Amino acid sequence: MNTSNAENLGHVLVVDDDREIRDLLARFLTRHGYRVTAVADGKEMRRALADWRIDLIVLDLMLPGEDGLSLCRSLRASSRIPIIMLTMMGEETDRIIGLEMGADDYLPKPFSPRELLARMKAVLRRAVGSPAAAAAGGAAILRFADWRLDIGRRRLESPDGLLVDLSAGEFDLLVSLAEHPRRVLTRDQLLDLTHGRTEAPFDRSIDMQISRLRRKIETDQAQPELIKTVRGGGYVFTADVTQDEPSDT
């Protein structure tokens, strides 16, 4: 289940095999400004992580197939995405193991959605690279093909050191592409990453923004080298991207 109409507070992945809990959290968190994807098991979780940029995972301990503890351990081997685990009341040992495996917090069932929301806000405030951290000036500086993209200050500098004027939508689109280099992103994924999923399903706004962005960063818009079109797939950012520490000024 994927929900829309969210503010720029982050994309939450809910992993729980209880459909009622998934639907409840999706509705509640969406009303409070988050984008929510809700799935039932580890297989669907991995698919969602491959498709979307996720800021926080709400992970149930008891899942069909691979359980939450195993998934948490697997996630921590390759990712720093914050994780809040949901456990049954009284499972103290499992909660301790979950925290030892890298979960950022836990919440026993049954729980209040408002308490989960408070825990999420606290975890996201501590998370490096979350939308909340970025808004506080903790965002990175990305470099590609001698360009400099300062996410925190929302500035793009050309190889000549000149500031390039980008609209808010163009800037967010460039950040989304640069954060996923050499990976094909569909129009729907780009709409999700830029928090713009208010358009109709066949809206061509991404194509228009790509065209405008190419005019500003490509040497030859007719033969783009940085943002290439994948026929029937979407777009791919072809440059190698490196990351600097945030700017102090």
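The accessible-area ordering, largest first, of the residues 78, 176, 211 stands as 78, 211, 176, per a 1.4 angstrom probe.
Label sites at residue 28 and residue 53, each approximated as a point 7 angstrom past Cα along Cα to Cβ, lie 2.8 nm apart.
The order of 30, 87 by accessible area, most exposed first and with a 1.4 Å probe, is 30, 87.
FRET efficiency for the pair residue 211 and residue 162, taken as 1/(1 + (r/R0)^6) with r the Cβ-Cβ distance and R0 = 25 Å, rounds to 0.75.
Can you tell me the length gained on complete extension of the stretch residue 46 to residue 100, counting 0.36 nm per residue apart and subtracting the Cα distance?
Length difference between fully extended and current span is 17.3 nm.
The values are calculated or read from the model by the stated rules, or taken from the named source; none is laboratory data. In this text, all values refer to a predicted model and were calculated from it rather than measured experimentally. When we count neighbours, we look across all protein chains shown, and the Cβ atoms used for this are built from the backbone with ideal geometry, even at glycine. Only protein heavy atoms, including side chains, enter the accessible area calculation; ligands, DNA and RNA are left aside. Shrake-Rupley method; radii C 1.70, N 1.55, O 1.52, S 1.80 Å.
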